[in-house]
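Let me begin by presenting the structure, written as structure tokens, before commenting on it.
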Amino acid sequence: MNDLKDILNNFLDTINYPDSKEEFINNFVKAIYLETIEELIKTLPQQKQNLINQTLESAKAPALLQQAVNNTFDQTLLNKTLQSKSQKLFAEYLETINETLTEEQKNKLQEYFTPFKPKGE
């Protein structure tokens, strides 16, 4: 997730994000985790859904939440879901702000994203 935070920080620098970058990144990462957990919980049988929801609701510390998630879901599935949710939410955010970006910001973003594009595009 640190790679994502670095990417987000660089992205925010590229568009000259005017507000707190740290707050944006923390909220964005939190949204990714919440959507990931929500999606994964839906894959469980109802009884397990109820049990994990109770566990998550009673967990007061982030470490306890992380432990509950790690004990419930396969790490590979968790990572794949985190990645897909990250991509989805980032694409949605880009779509949301696209109209507000200047041409200069759009050009800078295009330059920034060039190394991330698959070869052949």
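The values are calculated or read from the model by the stated rules, or taken from the named source; none is laboratory data. Everything numeric in this text was worked out from a predicted model, so none of it was measured. Reconstructed Cβ throughout: ideal geometry from the backbone, glycine too, with neighbour counts over all protein chains shown.
Key figures
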read-out: Qualifying position, being over 18 Å from residue 2 (Cα atoms) and surrounded by 12 or more Cβ atoms within 10 Å (Cβ to Cβ), among 98, 53, 71, 16; value: 53
read-out: Residue within the stretch 26-40 that is in a helix (DSSP H, G or I), over 16 Å from residue 89 (Cβ atoms) and free of Cβ contacts under 8 Å to residues at least 12 places away in the same chain present; value: no
read-out: Single unsatisfied condition, residue 70 versus (1) at pLDDT below 90; (2) of a type outside the set (A, V, I, L, M); (3) not in a helix (DSSP H, G or I); value: (3)
read-out: Residue match in the stretch 53-62 (condition: in a helix (DSSP H, G or I) and either in contact with a Gly (Cβ under 8 Å, 6 or more places away or on another chain) or closer than 21 Å to residue 18 by Cβ (or both)); value: no
read-out: Close pairs (6 angstrom Cβ cut-off, 6 or more residues apart or separate chains): within 19 Å of residue 9 (Cβ to Cβ) in the stretch 91-115, surrounded by 11 or more Cβ atoms within 10 Å (Cβ to Cβ) and at pLDDT 95 or above anywhere; value: none
read-out: Flag if residue 76 is over 15 Å from residue 34 (Cα atoms), part of a helix (DSSP H, G or I) and at pLDDT 90 or above; value: yes
read-out: Neighbours by Cβ (under 8 Å, 6+ apart or cross-chain): first from the stretch 47-71, without any contact (Cβ under 8 Å) to a residue 24 or more places away in the chain; second surrounded by fewer than 12 Cβ atoms within 10 Å (Cβ to Cβ) and of a type outside the set (Gly, Ala, Ser); value: 49/42
